[in-house]
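The values are calculated or read from the model by the stated rules, or taken from the named source; none is laboratory data. Note that the structure is a prediction, hence the values are computed from the model and not measured. Heads up, the Cβs are rebuilt from the backbone with ideal geometry, glycines too, and the neighbour counts pull from every protein chain shown. Only protein heavy atoms, including side chains, enter the accessible area calculation; ligands, DNA and RNA are left aside. Shrake-Rupley method; radii C 1.70, N 1.55, O 1.52, S 1.80 Å.
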Amino acid sequence: MSSRTSSPDFPPLYAERPEWSDVVPIPQNDEDANPIAPIFYTPEYKDATDYFRGIVKTGEKSKRVLELTESIIRLNPAHYSAWQYRYQTLLSTSSSLSDELTLMDTYATEFLKTYQVWHHRRLLLTLLHQPPSSPSPSSPTPTTTTSPTHTPTTTPPLPLQAELTFITSALRTDAKNYHTWAYRQWVLSHFSRPELWSGEISFVESMLDEDVRNNSAWHHRFFVVFASGVREGDEDREEVRRRELAYTKEKIALAPNNGSAWNYLRGILTHTHTPFATQADFVLPYTLPYPSPSQTEPLDKDVDVKMTDEDKDTDKDEKNSSPENTVVDLENPRPEAGADLPSPLAIEFMADIYEERGGKEDVLSAVELWKSLRDEHDTIRKNYWEFRINDALHPSR
Amino acid sequence: MTCRTDSFPTATSKEQARVEEILLQHRPPNDQPKPHLQRPEHLNYLLRNLRQGFPERFISQDCSQTWLVYWTLHSFSLLGVALDPETKQRAIDTIMACQHPDGGFGGGPGQAPHVLPTYAAISALASVGRAGPGGGWDQIDRLKLYKFFLSLKQRDGSFLVAHHSEVDVRGTYCLLCVAALLNLITPELIKGTAEFIASLQTYEGGFASASQPYFSPDGSGEEEEEVLLKEPRPALGEAHGGYTFCALASWVMLHPLLPLLSSSGTSSEQQPTINTRNLVRWLVQMQGSEAELGGFRGRTNKLVDACYSWWVGGAFNLLRPLGVGTRSATSVPTTSPPTTTPPKGEGKEEEDAWTDDDESLFNRAGLQEYILYAAQHKAGGLRDKPPKIADSYHTLYSLAGLASAQHNVFQVDETKEKLRAAWKPKEGDDPALDEFHKTVFAEARAWTEEVGGSNYVNGKVDRVNATHPIFNLTITHVRLIMNHFYAQE
Ligand SMILES: [Zn+2]
């Protein structure tokens with residue numbers, strides 16, 4: 001155990017502070033208790049939590065409780081009781097919620113992985129921006145799930161845009177943090193303001209440019225584009241569908257074994273009730289052993305492979321400047337050179353297309369593809385492919 | 001097959017390649033003996049945690065004390081080890097010290113009540129508690145617990161995990177488990193909850209942690225009566241193994257009750273549905289390739305991790321009630337009735353060799369290999385992945401995952417009927433409510449380990465006990481505690 005007296009940086013224990021002498025600390029366990037699987041606490045933690053139990057017992061909610069709960073949270077950010085009590089104390093003492101939010105900025109960076117940090121922000125933001133401004137006519141009416149009675153009096157609320165900026169910076173440190181993404185989605189859907197939604201697509205694209213395999217970013221895209229209702233500027237759903245299909249297929253071409261992009265493609269089609277078969281031309285080249293030659297790619301496979309590394313970057317630059325020169329079929333981009341083909345995800349997709357078509361021949365084609373997954377391309381899932389084969393051949397389950 | 005980077009490396013594929021390299025070093029060469037379950041080391045690890053406790057750095061787990069106890073106790077049960085009466089009593093007392101005067105359990109003594117540590121506390125009491133004075137079971141304040149649960153209910157059918165805390169499907173699952181075990185499920189408690197669960201399913205097929213409800217005034221009266229919109233109701237967060245397990249287990253608990261809810265007039269809406277096909281696809285896609293030794297990941301494009309052996313691997317046993325899976329429960333004659341399922345000894349009915357009629361949807365051999373080869377720490381305990389250290393959480397969920405990869409556990413229709421026939425109604429109970437309780441009881445108790453349906457990748461020497469697919473307790477422990485609280489048998 002650390003000897004706290006050796007470090008001059010520590011504030012004195014609550015037990016040593018005269019201004020806390022009126023509080024009766026309560027130890028966690030009775031004296032005669034013999035708990036199983038006990039945790040050995042540091043003197044600081046034991047001291048702070050003993051005083052916290054003392055405070056909870058008397059029900060005191062004062063400014064000094066904010067200091068005490070902060071001490072505990074710094075030692076253990078998962079201490080939900082301290083967070084809960086802190087929130088109640090903030091309300092009781094009419095403390096500045098904006099100041100609290102500023103304090104939370106540092107917490108969120110330090111304790112990114114704890115639920116409580118993000119939920120506390122959510123409570124604060126809810127109060128700071130209550131009642132939510134009236135949403136645009138096309139968007140649904142958001143409501144709060146709790147109805148606290150506190151009215152912020154001191155500072156005007158920060159623009160919510162700043163909140164998104166803050167979340168973006170947190171995601172730069174931890175690009176797949178579940179709580180951070182869920183929180184961003186809450187900010188968007190709870191307040192549902194057009195100016196908040198409007199930047200999201202380009203935000204997602206910057207995240208996917210960073211890492212096209214970031215599934216959290218793909219999910220966010222679906223959340224923004226399809227799952228949260230129709231917003232101004234996006235009423236032309238046919239155009240939205242076309243845009244999303246083009247974007248996704250371009251990303252699949254970059255990395256044909258990226259499950260996130262394939263799942264998104266499936267998501268678009270299912271959500272818009274578009275048959276998978278509409279994508280047959282696109283999917284086919286990805287089910288073949290190597291990129292099939294197109295007009296702009298060398299026919300000789302060996303040459304193609306050799307050129308891959310050196311030419312990749314220039315290739316991309318060219319594409320950016322004049323796409324019509326390098327992409328034959330904008331609707332159906334081909335796999336990039338260097339892709340690991342065939343992609344099992346493409347084979348699976350193709351089999352789904354055949355199964356969807358439903359003719360006798362089609363089902364047999366699907367079965368052939370599933371067999372190739374079972375026996376060669378995706379053997380870990382052999383039982384599942386077997387299940388799909390049986391299911392398609394004997395659909396009377 | 002190794003990582004398919006498509007010559008387009010990103011942060012995700014680089015991490016993936018790094019982990020695959022480490023995992024491949026843990027695959028035993030063909031000419032060498034295969035690692036077995038290190039029982040003595042794991043038992044030592046668990047005993048050390050129980051008796052000596054945890055060092056300072058576990059302060060981060062201070063609000064998970066009931067969890068530490070549950071993880072450890074159920075790990076013992078899975079390894080087939082019963083504790084001595086004195087240790088059991090200490091465990092009961094440790095848990096009961098966490099009960100809050102206002103109902104529910106906190107993560108430790110003096111902590112606020114919270115649904116997650118309440119689940120862990122009740123589960124631990126199911127493992128080691130008993131009826132009577134000092135046994136824990138009869139000292140649970142069920143009435144206050146029920147009121148605590150009701151106070152967390154939101155108007156979209158979801159639950160907060162604690163006052164002023166978040167909505168999270170782990171909380172729904174934990175609350176439903178506790179309410180089912182302790183006979184606290186009522187129509188009032190679960191109204192709208194199945195709809196909430198259904199709203200969590202994402203386009204990928206798995207489930208998210210929460211969803212955003214929207215309400216609109218219904219315009220019928222002067223009161224600000226608002227109506228929950230069916231759409232949009234977007235999932236907050238992506239499909240995730242832990243949340244998917246919690247959602248699916250909740251769904252399996254709630255589904256048989258839905259007809260009872262609508263007939264009693266508490267729900268007029270049409271019944272919610274989930275997309276089973278997408279769910280199955282997502283679940284199987286979570287299994288890592290041979291290069292990842294067949295372990296499970298928790299999200300698309302994330303790394304494999306032993307705890308998903310349970311959260312995802314364990315979810316497959318929950319698919320049969322949804323009509324997925326080729327084996328029908330009624331067509332299996334070799335099933336023993338639940339009341340005669342003792343903790344299994346060294347029975348001769350199962351062979352050591354891998355049987356080829358494995359009809360499960362995932363690769364059970366692969367999952368066992370990941371756990372045996374990569375998740376075991378030499379010094380005892382199990383872990384996320386090498387070279388990490390072991391912890392109580394990963395120890396339990398690896399062992400539970402191993403159990404679900406070894407055994408088939410499913411609801412037997414015949415057993416369900418027997419339980420219903422033998423049901424003794426509580427005196428003075430309203431018939432509709434009685435039917436409700438009977439259904440909860442029979443559904444939960446009908447889960448049975450299939451005799452002869454077990455498979456061990458490297459022989460029966462690695463056998464762990466089967467675990468209840470919903471509660472993650474032994475089937476015997478579920479039977480005992482439910483019989484007590486439903487006053488049956
Ligand atoms: Zn884990």
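What FRET efficiency, computed as 1/(1 + (r/R0)^6) with R0 = 35 Å and r the Cβ-Cβ distance, is obtained for A:ASP105 and B:ALA17, rounded to the nearest 0.05? Each step should come with its number before you reach the end.
Values: r = 35 Å, r/R0 = 1.00.
The value I calculate is 0.50.
How would B:ASP429, A:ASP281 rank on accessible area, largest to smallest, probe 1.4 Å?
A:ASP281, B:ASP429
Roughly how many Å² is the accessible area per residue of the protein assembly as shown, as a whole number, for a 1.4 Å probe?
Working: 35760 Å² over 886 residues.
It amounts to 40 Å² per residue over the protein assembly as shown.
Summarise the partner chain shielding of B:200-206 as one whole number: the mean count of Cβ atoms from other chains within 10 Å of each residue's Cβ. Let's see the in-between values first.
On the way: counts 0, 0, 6, 14, 10, 3, 1.
Mean shielding by partner chains, rounded to a whole number: 5.
Please give the length that would be gained between B:LYS230 and B:ASP138 if that part of the chain were fully extended, namely 0.36 nm times their separation in residues minus their C-alpha to C-alpha distance (nm, one decimal).
Numbers: separation 92, 0.36 × 92 = 33.12 nm, distance 4.16 nm.
Here the segment from B:LYS230 to B:ASP138 would lengthen by 29.0 nm.
Pick out, from A:VAL187, B:ALA179, A:HIS129, the residue whose Cα sits farthest towards the positive end of the charge dipole of the protein assembly as shown, with +1 on the Cβ of Lys and Arg and -1 on the Cβ of Asp and Glu.
B:ALA179
Please list, in order, the residues from region A:249-284 whose amide nitrogen is less than 19 Å from a point placed 7 Å along the Cα→Cβ vector of A:ARG357.
From region A:249-284, the list is A:274-284.
By per-residue mean of other Cβ atoms within 10 Å, what is the highest-first order of B:71-77, B:225-231, A:109-115? Intermediate results must be reported in sequence, preceding the final value.
Numbers: B:71-77: 25.0, B:225-231: 13.4, A:109-115: 16.4.
So the peptides B:71-77, B:225-231, A:109-115, ranked by packing, come out B:71-77, A:109-115, B:225-231.
Measure off, as a whole percent, the carbon and sulfur share of the 1.4 Å-probe accessible area of region A:1-95, all protein chains present.
Working: 2590 of 4680 Å².
Within region A:1-95, the accessible surface is 55 percent carbon and sulfur.
Would you please give the residues with an amide H less than 5 Å from that of A:ILE39, counting only those at least 5 places away or on a separate chain, with H modeled from the backbone geometry?
Residues meeting the criterion, in which the H sits 1.01 Å from N, are B:PHE54.
Beyond 40 Å, what share of the Cα-Cα pairs of the protein assembly as shown is found? Please give it as a whole percent. Walk me through the intermediate numbers first.
Numbers: 158650 of 392055 pairs.
Distances greater than 40 Å cover 40 percent of the Cα pairs.
Report, as an integer, the average count of C-beta atoms from other chains found within 10 Å of each Cβ along B:152-164. Spell out each step's value before the answer.
Details: counts 0, 0, 2, 2, 2, 0, 1, 0, 3, 3, 4, 5, 13.
The shielding value for this peptide is 3.
Round to the nearest 0.05 the FRET efficiency obtained for B:ALA422 and A:ALA246 when R0 = 51 Å and r is the Cβ-Cβ distance. Intermediate results must be reported in sequence, preceding the final value.
Values: r = 62 Å, r/R0 = 1.22.
After rounding to 0.05, the efficiency reads 0.25.
Given a 1.4 Å probe and no ligands, DNA or RNA in the count, how much accessible surface is buried by A and B, both sides, to the nearest 100 Å²? Provide the component values of the computation, followed by the final result.
Details: alone 21950 and 21530 Å², together 35760 Å².
Using a 1.4 Å probe on protein heavy atoms, the buried area is about 7700 Å².
Work out, step by step, the length gained on full extension between A:THR168 and A:ALA15: first 0.36 nm times the residue separation, then minus their alpha carbon distance; give nm to one decimal.
The span from A:THR168 to A:ALA15 would gain 51.0 nm if fully extended.
Can I get the semi-axes of region A:1-95's equivalent ellipsoid? Compute them from the C-alpha gyration tensor as square roots of 5 times the eigenvalues, in angstrom, largest first.
Working: eigenvalues 95, 58, 37 Å².
After scaling each eigenvalue by five and taking roots: 22, 17, 14 Å.
Tell me whether chain B comes out rounded, prolate or oblate; compute the Cα gyration tensor, take square roots of the eigenvalues as a ≥ b ≥ c, and use a/c under 1.5 as the rounded threshold.
Since a/c stays below 1.5, the shape of chain B is classed as rounded.
Strictly over 31 Å apart at the Cα level, which of A:LYS63/B:LYS191; A:LYS61/B:LYS147; B:LYS191/B:LYS385 would you flag in this model?
On the way: A:LYS63/B:LYS191 40 Å; A:LYS61/B:LYS147 25 Å; B:LYS191/B:LYS385 40 Å.
Violating the 31 Å limit, Cα to Cα: A:LYS63/B:LYS191; B:LYS191/B:LYS385.
Just grab the label-to-label distance for A:SER92 and B:LYS191, each label 7 Å out from Cα along the Cβ direction, in nm (one decimal).
Each label point is offset 7 Å from its Cα along the Cβ direction, giving 3.3 nm.
For the pair B:ALA487/B:LEU322, report the inter-label distance in nm, with labels modelled 7 Å from Cα in the Cβ direction.
For the pair B:ALA487/B:LEU322, the computed spacing is 3.7 nm.
Can you give the extra length, in nm with one decimal, that the chain gains between A:ASN29 and A:THR42 once fully stretched, where that is 0.36 nm per residue apart less the Cα-Cα distance? Working shown, then result.
Values: separation 13, 0.36 × 13 = 4.68 nm, distance 1.56 nm.
Full extension from A:ASN29 to A:THR42 adds 3.1 nm.
GluC sites (Glu not before Pro) within region A:200-237: which are DSSP loop residues with at most 16 other Cβ atoms inside 10 Å? Write out the running numbers ahead of the final one.
Numbers: sites: A:GLU200, A:GLU205, A:GLU210, A:GLU232, A:GLU235; in loops: A:GLU232, A:GLU235.
Passing sites in region A:200-237 are A:GLU232, A:GLU235.
Would you mind getting me the FRET efficiency between B:GLN271 and A:LEU288? Use the beta-carbon distance for r and R0 = 25 Å, nearest 0.05.
Details: r = 44 Å, r/R0 = 1.77.
Given R0 = 25 Å and the Cβ-Cβ separation, E is 0.05.
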